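J.: First, the structure itself, so that you have it in front of you.
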């Protein structure tokens, strides 16, 4: 059955004779005339029906066409060759110009005795074709498409696609001249072979501004404080007690030192946004209050409470106005802690902080 309109069963027309063909026991060669479908795109189907579920086997299925070749286009050459394997190619004229195609692969013939080789070949007569070679630099940076043979003045479109972790830079020619900064661009094919290189570079991760604000217990700026960030270098605060750097996403620890103040250790995280790190330093020669730098906000609070400068707090307990414990949290020495409070009812609460030296502090907070 043949269809030139679609692949649904109703689209097909039976081309075999009779109501059906009896499936033979032995291999049998069948030939059907498709000349009425010449020049059309079609589908071929075989409808096999068996009440006994026998196996149906089909082999060497092909569609062929007969072409009358004028005598003037038939060439014959006889060669005397020893047995072996030979590579060859056809050329229109003597020499290496006007071959059936440029470069590899060659045709291959294995000679074992007297034999006849029938080949069909042709030479492109629409003008010379030239090749576009595309290169990705580096190879791991991405992929390129659009390479191949083109006629002179053909419109050629090439495209570069960066791999993960890389970004496209530009296209350059054999002389390293930039020919385009667009990932995909088009040009007219010149009358020669060309090589274009798509250049890629390692994609730089996003950087975010991190501002350190260093103050003392009197809320005055600490000038000249040294901030050492593990793995990210050192900073020095300015006249406003501030220092700014740019960091990638991640977790960081730091130490702040300044003349006349106790060293301050802390940690923070960068997560797809700029941030500010507040630091309160205690002067030396004065007994340091464990909770002097601790801040609790907001108050009144909603869905969360944030503790800042909480490095020395080891335990937090929240009780309601009746003294009933509603939250009990053990801390790990982080500088900044966020406590989720969405499940707490509106009202007045007491939050009790316990330090590593067993000091305690109680604050009154309100849930709105």
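J.: What ranking do 291-299, 17-25 get when scored by the average of other Cβ atoms within 10 Å per residue, highest first?
T.: 291-299, 17-25
J.: In which sequence would 337, 46 go, from the one with the fewest C-beta neighbours within 10 Å to the one with the most? Intermediate values should be presented prior to the final figure.
T.: On the way: 337 18, 46 10.
Going from sparsest to densest Cβ surroundings: 46, 337.
J.: Express as a percent, rounded to the nearest 5, the fraction of DSSP beta bridges in the stretch 208-281 (both residues included) that run antiparallel.
T.: 75 percent
J.: Diagonalise the Cα gyration tensor of the chain and give the resulting equivalent ellipsoid semi-axes, square root of 5 times each eigenvalue, largest first, whole Å.
T.: Each semi-axis is the square root of five times an eigenvalue, giving 83, 36, 18 Å.
J.: On to the next question. Between residue 257 and residue 32, what is 0.36 nm times their sequence separation minus the Cα-Cα distance? Round to one decimal in nm.
T.: Gain on stretching residue 257 to residue 32: 71.6 nm.
J.: Would you mind getting the Kirkwood hydrodynamic radius of the stretch 208-281 from its Cα pairs, rounded to one decimal in Å?
T.: The Cα-based Kirkwood calculation yields 12.2 Å.
J.: Further question: Show me 131-142, 26-37 ranked by packing, highest mean number of other Cβ atoms within 10 Å first.
T.: Highest to lowest by the protection proxy: 131-142, 26-37.
J.: Packing-wise, with mean Cβ within 10 Å as the measure, how do 163-174, 77-88 rank, highest first?
T.: 163-174, 77-88
Values quoted throughout were computed directly from the atomic coordinates according to the rules given, and no laboratory measurement underlies them. Note that the structure is a prediction, hence the values are computed from the model and not measured. We place every Cβ from the backbone using ideal geometry, glycine too, and count neighbours over all the protein chains shown.
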